Amino acid sequence: MKRLFDVKENLFDNPKPVDLLASLTSFATDDDDLVLDLFAGSGTLAEAVAGLNAKEGTDRKSISIQMAEQIEEKHFAYKKGFRSIAELSRKRAALAIEASNGSGLRAFTLASGNMKRWAGIEAKDPDTYAAQLEAFTDSLAPDWQPQAVIWEVALREGYSLTAKVEELDIDTSPTFWRVSDEDRSFTICLDEALTLDAVAPLGLTKDDMFVCRDTALDDTLAANLALQCRLKVV
């Protein structure tokens, strides 16, 4: 860790030995296996996998999970700008991959969802119900971000954290995204409005899943898309 971060003091108390974890990983896994670390700590296993790939020319992938446990102010890591163990682990993985000439780091942070949740109302009268329904005309929470919504939909649909998300190169005004995970995929659009002409270049079939905002559809478009593909709305 001192070498990766170019520091002289310890950034983490009692880090696991990288060489030992690399040896265990090499012995216990195949060249293209996925290695899961449920308690990542400072990210030692992520560094070990990155170094092992560089050494053996393999394509192992790793997933590291670490809660955002706060770092005490007196600790050297805090003085270097790290506020949680998760931040330190994420940075270590990035440096290890860079040092090993690898690529493909993807980081997720635990956060509240982007979909509004119906919490009920206290006053049981028609006007209050009407106001609440109006507030839920758009199901997306304020300040939502496209990538966050796309990943939330993907995870709800059972897609893995290693799924591929790419923007489609289609000459239409709405923006379409394709999410692929091994042998399945779906297309999603989060624009405020859609038309049949805009969706036509996708060439949707009965086997295709298409996700869009409920507010982007009128009754005619919703009926047509439901006949063409597996339509889901957010």
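A short reminder: the numbers here are calculations on the coordinates, not readings from a lab. In this text the structure is predicted, and so the values were computed from the model without any measurement. Methodologically, a virtual Cβ is constructed for each residue, glycine included, from the backbone with ideal geometry; neighbour enumeration extends over all protein chains shown.
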Next on the checklist: What is the distance in Å between the Cα centroid of the stretch 1-64 and that of the stretch 138-180?
Outcome noted: 30
Item to check | Cα gyration tensor shape for the stretch 1-49, rounded if a/c is under 1.5, else prolate or oblate | outcome: prolate
Item to check | About the Cα centre, charge dipole magnitude for the stretch 2-99 (Lys/Arg +1, Asp/Glu -1 at Cβ), debye | outcome: 500
Checklist entry - Using the count of nearby Cβ atoms within 10 Å as a rough guide to exposure, how do 39, 12 rank from fewest to most? => result 39, 12
Next on the checklist: Taking the alpha-carbon distance from residue 164 and a cut-off under 12 Å, which aspartates and glutamates remain once sequence neighbours fewer than 8 residues away in the same chain are dropped?
Outcome noted: 181, 182, 183
Checklist outcome for this item: For residue 79, the aspartates and glutamates lying under 20 Å Cα to Cα, once residues fewer than eight places off in the same chain are dropped, come out as 6, 9, 13, 69, 87
Checklist entry - With the contact rule set at Cα under 8 Å and sequence spacing of 6 or more, what percent relative contact order holds for the chain? => result 11
Item to check | Convex hull of the chain built on C-alpha atoms - directionally averaged projected area, nm² | outcome: 18.0
Item to check | Debye, to nearest 20: dipole size of the chain, +1 on Lys, Arg Cβ, -1 on Asp, Glu Cβ | outcome: 1040
Checklist entry - Which order do 23, 103, 139 fall in if you start with the one that has the fewest other Cβ atoms within 10 Å? => result 103, 23, 139
Item to check | Within straight-line cross-link reach of residue 80, lysines at Cα separation under 28 Å, skipping those fewer than 8 residues along the same chain | outcome: 2, 8, 16, 91
Checklist outcome for this item: In Å, the Kirkwood estimate of hydrodynamic radius for the stretch 133-233 over Cα pairs equals 14.2
Item to check | Extension gain, residue 105 back to residue 206 (0.36 nm per residue minus Cα-Cα distance, nm) | outcome: 32.9 nm
Item to check | Highest average packing first - 175-187, 76-88, Cβ atoms within 10 Å | outcome: 76-88, 175-187
Checklist entry - Can you give the Rg to Rh ratio of the stretch 5-100, both from alpha-carbon atoms, with Rh computed by the Kirkwood formula? => result 0.99
Checklist outcome for this item: Once both label points are put 7 Å beyond Cα along the C-beta direction, the residue 76-residue 175 separation in nm becomes 4.2
Item to check | Distance in nm between pseudo-label sites at residue 19 and residue 59 (7 Å out along the Cβ direction from Cα) | outcome: 3.0
Checklist outcome for this item: Relative contact order as a percentage, the stretch 2-99, C-alpha pairs under 8 Å and 6+ apart, gives 31
